[in-house]
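Written below as structure tokens is the structure these notes are about.
The values are calculated or read from the model by the stated rules, or taken from the named source; none is laboratory data. The shown structure was predicted, so the numbers you read here are calculated from the model rather than taken from an experiment. Here Cβ is always computed from backbone atoms with ideal geometry, including for glycine, and neighbour counts include all displayed protein chains. Just the protein is used for accessible areas: all its heavy atoms, side chains included, with ligands, DNA and RNA removed. Shrake-Rupley method; radii C 1.70, N 1.55, O 1.52, S 1.80 Å.
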Amino acid sequence: MPCLLVLASSLWGGNRKILRIACTSNIVKSAKHTRHHGHIIAESVTAPLGCIHAAFIFVMTMYTQLYNRLSFGWNTVKIDMSAARRDPPPIIPFGLAAFAATLFALGLALGTTIAVGMLFFIQMKIILRNKTSIESWIEEKAKDRIQYYQLDEVFVFPYDMGSRWKNFKQVFTWSGVPKGDGLDWPIREGCHQYSLTIEQLKQKADKRVRSVQYKVIEDYSGTCCPLNRGIKTFFTSPCTEEPRIRLQKGEFILATRGLRYWLYGDKILDDSIKEDVSRIRGWFPRNCVEKCPCDAETDQAPEGEKKNR
């Protein structure tokens, strides 16, 4: 709701882009400081503990049951699963089917312990750093931008309070409600609510400056793993949910980042197409395009490629 109010207020003559990016930043923070985040952490702790307890019971059950069924011979070990050599016989029968079910349940318990335990450590890492994965990516790009242009500035992440204990207390409170109202969050001293927003605007401006224009020289159907573009292009297809775009010979693309055999960019649309579609962007093979002469002189590399500094 606060984000909708921000977007609505921007229609009255404010800077729409700044407010839109600010709203996106707060949505990211809201996703981390959710009201039920503490409950999720509690579940990710209790689930592995319960599975460890169950795994201990399964292991001790199989040990005690198999111990009474083992018989050792000369270079042989036999297991009689028909009945235990006990008098009186055990109250609960433990045959081959019960052994298989117990072994299967033990595997599930161990698998759940590992999976949910990893989730717990990932969530705690996010909480202690007070930084989501998207925000970590923004911070990394900020450092790359400052280093690339040799700027005399330092980017300080505004939501990291400088102490893990302070970050921890923002999510886990006595009331059970994380700090923040969904729009304004506690920030580090020397920063303000729009520090991350301003950095995103700088990165978007830098992205436009560093983009390289390419011309399509061969058609591309938009398939994820094209066989007709070469073996290396086929096996190095980007493992991402981002789309591929269909290319036709003669079109122009603004590439913003890329890999060795793939590029990512926006298609430069004609005026007739702009009326229906605002933007077409995605991945495409590098060998389908060639750099335009105006950009070839500057020899700029699309954002995302590794540079030797």
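Put a dot 7 Å past the Cα of ILE57, heading toward its Cβ, do the same for TYR148, and the two dots end up 5.7 nm apart.
The figure for TRP165 is an accessible area of roughly 150 square angstrom, using a 1.4 Å probe on the protein chains alone. Starting from the Cα of VAL45, step 7 Å along the direction of its Cβ; do the same at LYS215; then give the gap between the two resulting points in nm. Result: 6.3 nm between the two label points.
Work out, step by step, the length gained on full extension between PHE234 and PHE172: first 0.36 nm times the residue separation, then minus their alpha carbon distance; give nm to one decimal. The partial results should precede the final answer.
Values: separation 62, 0.36 × 62 = 22.32 nm, distance 4.73 nm.
Net length gain for the segment: 17.6 nm.
When the residues LEU128, LEU259 are ordered by accessible surface, computed with a 1.4 Å probe over the protein chains alone, the sequence from largest down reads LEU259, LEU128. Decide, for segment 189-290, between rounded, prolate and oblate: order the square roots of the alpha carbon gyration tensor eigenvalues as a ≥ b ≥ c, take rounded if a/c falls under 1.5, and otherwise choose prolate if a/b is larger than b/c, else oblate. Cα axes put segment 189-290 in the prolate bin.
Using 1/(1 + (r/R0)^6) with R0 = 22 angstrom and r between the beta carbons of THR223 and SER133, what's the FRET efficiency to the nearest 0.05? Write down the numbers at each step before the final one.
Working: r = 29 Å, r/R0 = 1.30.
It comes to 0.15.
In this simple spin-label approximation, ARG281 and ALA100 carry label points 7 Å from Cα along the Cα→Cβ vector, and these lie 5.4 nm apart. Across the cross-link table entries LYS202/LYS249; LYS131/LYS204; LYS204/LYS267; LYS125/LYS166, which are compared at the Cα atoms, the separations over 24 Å belong to LYS202/LYS249.
Using the Karplus relation 6.51 cos²θ - 1.76 cosθ + 1.60 with θ = phi - 60°, the per-residue 3J(HN,Hα) values for segment 46-60 come to 6, 4, x, 5, x, 5, 5, 4, 5, 4, 4, 5, 4, 5, 5 Hz, with x marking Gly and Pro.
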